[in-house]
Amino acid sequence: MSLLVVGLSHRSAPVSVLERASLPTDAQVKLLQDALAAEPATEAAVLATCNRIELYADVDKFHAGVAELSTLLAQHSGVGLEELTPYLYVHYEDRAVHHLFSVACGLDSMVVGEGQILGQIKDALALGQELHTAGRLLNDLFQQALRVGKRAHSETGIDRAGQSLVTFGLEQLAAGDAVEAWAKGKRALVIGAGSMSSLAAATLARAGVDEIVIANRTAARADRLVQILDESGSTGVSARAVDMGSIGDELTRADVVVSCTGATGLVLTADAVEAALYGRTGQQALLDLAMPRDIDVAVHRLGGVRFVDIESLAEASADAPMAADVDQVRTLVCDEVAAFGAAQRAAHITPTVVALRAMAADVVSSEVARLEGRLPGLDDKQRAEVIRTVRRVVDKLLHAPTVRVKQLASEPGGAGYADALRELFDLDPQTVAAVSRADLNDTDGVGRGRV
């Protein structure tokens, strides 16, 4: 395994840099295609969220891989390499696995324990599968990361260590009051209809707002989100969809505005918010969950506005208390990393073991054919018994060493056992490679899309 990850996140870079380096879907596609075309990488996947951009690859050269992946991130993010480099982090092999598993469990999130990242990891895997840039290693890695993340949320109390980004943002808007008490009776405007906006709408509905208006560039997606809110039934919220051109009018009536779109420019300017505030009584709460930002940061200077964005959420969550359950999740991650590494190392020797058994089967067939030529008088029953006996002898001779070599190969530093086995039995490298290719094709066909 030569897994490499190069990336930046809210822990390594200021929000202003993350904002500029954000990757829309089309840029992610081009990044993956260019990464696979690069010399050191044979597989690639990109995890791009509002507060992290990470490029994962299976590389055959560490230093060349770091240089190439860093250059590609700079090219596709639009941030110069010299400016980007101080904010990049690099993880390799087991440390890279540990990093992704920690991310999947919410340990590396802006708000510890948030579960939104699992959906984003699933999307990253789906994109790599769709573009055929994720091979056996990254398919195994990302699918296992999803399982580890789900284990963390189901088997520990990590959810108590923090809330989703949406919930945490609403808590900041509520300024110490219970979100349910603060939201009751309010009108909400949600701009965008993607996964984060949908989560915001559902959270506001559960919190008790009276009305939710969904504005989105694609009317069908806004209508679908309204339908989901209507079908939930239990909240009793009134929901309707509007086009983006109606935002100005809706802004004058909204008490709470949550925006999370994929726009590259501002969706709400300070002037637009100020105009909507004219003649209003009471405070308007604005929550910007987009990266790059949707709402002009200058709105915080307006009277009658409470504004929370990604940057202020990062500052607020830095002082949030860590639950004791975090230690339990860290232990889980360490155990899972060790198990994943052992499984990968064991899988590395499997083609060699299969090739050895195939060679033994060929020897058995050759010797049986020779025996039949020397003893033509054997009847069918005798011939079958001879064949079974020879096969049993070969199987028994190979059983202990092949089982033991798999055990040894699964341990740290066990990668050399496959080479030793090939050398001792003079196995044809092309035969081993053919088994590996066949195994990879089976994995691609069966594993594609499973999470």
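Here are some notes:
- Sum of -39500 (n - 2.57) over DSSP H runs of 4+, divided by residues of the chain (222 nm, nearest 500): -18500 deg cm²/dmol
- Largest to smallest principal axis extent of the C-alpha atoms in region 1-94, angstrom: 34, 26, 22
- The chain - share of DSSP beta bridges that are antiparallel (%, nearest 5): 45
- Euclidean distance of C-alpha centroids, region 333-380 and region 212-271, integer Å: 61
- With an a/c value of 1.5 or above and a/b not larger than b/c for the gyration tensor axes a ≥ b ≥ c computed over the alpha-carbon atoms, region 207-251 is described as oblate.
- Per-q log10 I(q)/I(0), region 154-272, q = 0.11 Å⁻¹ (Debye; single scatterer per alpha-carbon; no solvent): -0.36
- Scattering curve values for region 87-163, log₁₀ I(q)/I(0), Debye with Cα scatterers, q = 0.28 Å⁻¹: -1.29
- Solvent exposure of the chain amounts to 47 Å² per residue of accessible area, where only protein heavy atoms count and the probe is 1.4 Å.
- A straight chain from ASP60 to ARG224 at 0.36 nm per residue would run longer than the Cα-Cα distance by 54.5 nm.
- Each principal axis of the Cα cloud of region 68-220 was evaluated for its coordinate range; sorted largest first, these ranges are 53, 39, 33 Å.
- Heavy-atom SASA rank of LEU424, LEU100 (probe 1.4 Å, accessible area, largest first): LEU424, LEU100
- Bins of 20 Å, starting at 0 and running to the largest distance - Cα pair percent for the chain: 21, 45, 22, 10, 2, 0
The values are calculated or read from the model by the stated rules, or taken from the named source; none is laboratory data. Quick caveat: nothing in here was measured; it's all calculated off a predicted structure. The area values use the complete protein model at the heavy-atom level, side chains included, leaving out ligands, DNA and RNA. Shrake-Rupley method; radii C 1.70, N 1.55, O 1.52, S 1.80 Å.
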